[in-house]
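So the structure is just underneath, and the comments pick up after that.
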Amino acid sequence: MLFRKRAKTNKANAVTIYTRIKEHPDVFRVENNLLFCNYCDLSVEWRHKSTVDSHCLGKKHLAQKKIYEANKNKKNQQSLETTLLAAESKKEVVESLIQAFANANIPLEKINYLLPFFKKYLKEGGAIPQAPTLRQLYLPSVFENHTKTLLSIFNSKPVCIIMDELSDDCARSVVNTLFAYRQDTKLISVNFLQWVNNTTIGQTLLPILHSYNISLNIPRLFLSDSAAYMKKCYRKVLKPVMPQLIHVPCPAHILNLIGETWRDFLQFLPLKTFLAKIKESFVKSPARRNRYITHLKMNGINSPRKIPLPNQTQWNSWF
């Protein structure tokens, strides 16, 4: 049985130009089968390792490497600054858009219908996010800036306090608190209360005054409607801690209360019946409402309006 000797591999023959690149990562590159230094932009003889190592340890190479890395870091820093500036510019545009929608009393979900328009006609309009993102990421900062603006106006000022309670679309009790100082009248707080009475109204107002650094001896005027709990809140809660405070009930509410008493008079029963029949006739028949508008136009009314119908939940609908 014959055995052949295994041929020895010549290590020098196994070395290639890519071997030198692996030995010095990110230092060299291959162009036309030549080894080029990335820092010096010079070709280097790659067949002998000592030649490559000598080049890498040379003063010129080290100096060029230092310059190259400094320029690279500067470029990365400039790119980061540019990105941050672009992000800050986008944030400013989006927050201004939210502020405009708020000033115009337009719900933010309406912006979803405008996104195709923004994307088509505005430069980088596609960067404006949808309504859920606006609420989650941008609206809090807009609200915070608005709160700071209100604080700068009413901080430690002798404000006039205006409070009113109403119901929203979800049948929740909403208490609106406004401050008036000189020419500025602003909505300060919106609170949702489970129970509305003299105690909860007082518990709502006093922390608001504290948050605006308004001492209890500063406010002079308290405006509200003529509801019994508002009057009791003034007598039992506010007046003891703010003796100088004067309560001014809303004149419109007083007139409305007077007007409501008229409906209880027996003499107004025919009028109540007459108005109820008119309301029933027009509410349940859109065609009849259209004929009414046409009748007004035919008789010289240039801008006819729908017939006013009484509503017990709206003030001044009877007088």
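The values are calculated or read from the model by the stated rules, or taken from the named source; none is laboratory data. Note that the structure is predicted; figures quoted are calculated from it, not measured. Positions of Cβ are generated from backbone atoms using ideal geometry, with glycine treated the same way; all protein chains shown enter the neighbour counts.
Things to note:
- Any hit, segment 261-277, residues being free of Cβ contacts under 8 Å to residues at least 12 places away in the same chain, over 30 Å from Leu151 (Cβ atoms), acidic (Asp, Glu) and outside any loop (DSSP other than H, G, I, E, B): no
- Pro207 meets each of the listed conditions (1) closer than 17 Å to Phe154 by Cα; (2) surrounded by 13 or more Cβ atoms within 10 Å (Cβ to Cβ); (3) not hydroxyl-bearing (Ser, Thr, Tyr) apart from (2).
- Tally, over segment 155-188, of residues that are small (Gly, Ala, Ser) and more than 23 Å from Pro251 (Cα to Cα): 2
- Every pair of residues 6+ apart whose Cβ atoms lie under 8 Å, when the first sits in segment 169-193 and is farther than 22 Å from Asn103 by Cβ while the second is part of a loop (DSSP other than H, G, I, E, B) and not acidic (Asp, Glu): Ser173/Gln194; Ser173/Trp195; Ser173/Val196; Val175/Val196; Phe192/Arg172
- Segments classed as helices (runs of 4 or more DSSP H), wholly inside segment 32-142, with at least 2 members that are more than 30 Å from Arg20 (Cα to Cα) and modelled with pLDDT of 85 or more: 59-103, 111-121
- Applying the set (1) assigned to a loop (DSSP other than H, G, I, E, B); (2) touching a Cys at 6+ places or on another chain (Cβ under 7 Å); (3) not aromatic (Phe, Trp, Tyr) to Pro243 leaves exactly one unmet item: (2).
- Checking each residue in segment 206-240 for being more than 13 Å from Ile162 (Cβ to Cβ), of a type in the set (S, T, N, Q) and not in a loop (DSSP other than H, G, I, E, B) picks out only Ser211.
- Residue pairs whose Cβ atoms lie under 6 Å apart, sitting 6 or more positions apart in sequence or on different chains, and linking a residue in segment 58-70 that is within 8 Å of Cys40 (Cα to Cα) to a partner that is assigned to a helix (DSSP H, G or I), are His61/His55.
- Hits in segment 264-284 (condition: surrounded by 10 or more Cβ atoms within 10 Å (Cβ to Cβ) and among the hydrophobic types (A, V, I, L, M, F, W, C)): Phe265, Phe268, Leu269, Leu271, Phe274, Leu275, Ala276, Ile278, Phe282, Val283
- Odd one out for Ile161, checked against (1) of a type in the set (A, V, I, L, M); (2) under 30 Å from Leu115 (Cβ atoms); (3) touching a Pro at 6+ places or on another chain (Cβ under 9 Å): (2)
- Being at pLDDT 90 or above and either surrounded by fewer than 12 Cβ atoms within 10 Å (Cβ to Cβ) or hydrophobic (A, V, I, L, M, F, W, C) (or both) is a condition met by no residue of segment 249-263.
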